[in-house]
Amino acid sequence: MLRPDPRRVITKQFLPGQEMLTHGISRADAVINRVLAMTDEQVSLTLAATQRRFADRHHDLRTTFADHFGLVEHRLPETVEPSAERRALIGAYCTQEYSVEAAALFNPSIVAHPDQTSLAADDLRFVMSVRGVGEGHVSSVEFRTGVVDASDHVQIDPPGRHLVTGRAAPATMAREFLREALVDRADAAAADDILSLLPDHFDPAQLDAALASFGRDALTQLHADAIVDRIRWIASCNYRLHFPPDRALSERVLYPTSPAESHGIEDARFTRFIDDDGSVTYYGTYTAFDGSHVAPHLVETTDFETFEMTQLNGPAAKNKGMALFPRKVGGQFLALSRWDRESIDVASAADVHKWDGTVTVHAPRQPWELIQLGNCGAPIETAEGWLVLTHGVGPMREYGIGAILLDLDEPTKTIAVLSEPILAPTDEEREGYVPNVVYSCGALVHQETLIMPYGCSDSAIRFAFIDMPELLKRLGTSRSRR
């Protein structure tokens, strides 16, 4: 069992007066002026004491102070040139620790690790994503690594101590992607006027130049500004994160960076996707939460060092809980969708970023799932069909985990459904941040065992080991009765 560890902290920029989730009045200028008024001795002693207390909790804390000073340097009086120590101390006053899993740790997904070297026969190294929740109910995604051996014994590697959030940079965007993201959100003609100034693929500088040159003669100033603001918002929601290669994977945290994620990156569902040419990409669908709205977004990586974070477009890309199939079927990307908030659908796409219509493959039917259904991660390919682990919500908002089987060649066709859940909360799993919940964001097969990490009442993570032949046998019996 993995439990939340409040010692796992990151550093964040801190602006005095704006620490609340609601908008506050900045007191940064006043604090900076107080630091500028300190004597050199006070600066030296305070900075040294801060270093002693916090340096062993973070990697290269002085660089963090320098970065955070750079974010407020424009607030200094023009004639002031502070010393290196005073600059570092201002950065320290504009820094805070944030415990990424102080409140909860739950909802894992699991995939085979890119590196399978130096292992014993029949061992499998894995990467497990986990959702941590800290102050303000803000969610982020962390990682753990480990090995499962031939006897289905799981060993989790000790996680690294010094968490890092990576360097964010704007992503290059496709003009067509931006057009799709704007549909139904802005005046089409005005949007096209702006988009016509952009190349097929553009970077932030090209976008800024196009927006600066956009004429507003045909529109009111207010309407034009609304469209420009929307374009800038969309662009800011698509970015790249890069982590230092010398930091352990368990030290890398996907912390909310874009405005669409301001209140959380939730429930990442990773899958090891094999393309037609044999190349491997790790795709993870996650829920971006801005405090009012949720939307499915996509994270993709080949090495868990550089991550592309992007929005998803199209009518099927709504609500929570999308999960990609691990390969194309019939030349199309496929994904499980719950766009209607209660059923499991299959969506198809020629482009992994745009999802059109869906076909419902499973709707609430049994007593344990009557409130709503969803998936528990990417479908798993078997000789008998696509195995989909599901979650259902029943009386007293109790969650259980079940299974359905989809046709291999026609995944919009359901061929078997278990009438009872595989897993329901035991008495010792009922208590937690959100009681009466078992929930997973993905499983993998090792030899003949389905290994499913799952969250217990949003408070801890456990592992379930499911006999695959027996599960498929029960699904086969279910199929014969349909």
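Annotations for the structure displayed:
- Restricting attention to the chain, close to 95% of DSSP beta bridges with both partner residues there are antiparallel.
- Positive minus negative residues near MET468 (Lys, Arg vs Asp, Glu; Cβ under 13 Å): -4
- About the Cα centre, charge dipole magnitude for the chain (Lys/Arg +1, Asp/Glu -1 at Cβ), debye: 800 debye
- Once divided by 2.2 N^0.38 Å, the Cα radius of gyration of the range 353-458 becomes 1.11.
- FRET efficiency, 1/(1 + (r/R0)^6) with R0 30 Å, evaluated for ASP149 and ASP303 via beta carbons: 0.75
- Sorting GLU261, GLU97, GLU78, GLU429 from the fewest to the most surrounding beta carbons within 10 angstrom yields GLU78, GLU97, GLU429, GLU261.
- Calculated log₁₀ intensity ratio I(q)/I(0) where the Debye formula runs over C-alpha points of the range 17-93, q = 0.12, 0.27 Å⁻¹: -0.35, -1.32
- Residue (of GLY291, ILE274, ILE415) at the positive-pole extreme of the chain, dipole from beta-carbon charges: GLY291
- Environment charge at SER129 (Cβ cut-off 9 Å; Lys +1, Arg +1, Asp -1, Glu -1): +2
- Each peptide in 43-53, 439-449, 316-326 receives the mean, over its residues, of other Cβ atoms within 10 Å, and ordering these scores from highest gives 316-326, 439-449, 43-53.
- Each Lys or Arg adds one and each Asp or Glu takes one away; over the other residues whose Cβ falls under 15 Å from the Cβ of ALA92, this sums to +3.
- Average silhouette area of the chain, convex hull of alpha-carbon atoms, in square nanometres: 26.2 nm²
- Label point of GLN447 set 7 angstrom out along Cα-Cβ; within the range 140-160, amide nitrogens under 11 Å from it belong to 149-153.
Quick note: the coordinates plus some simple rules give every number you see, no bench work behind them. Predicted, not measured: the structure shown is a model, and the values here were computed from it. A quick note on method: Cβ atoms are made from the backbone with ideal geometry, for glycine too, and the neighbour counts reach across all protein chains shown.
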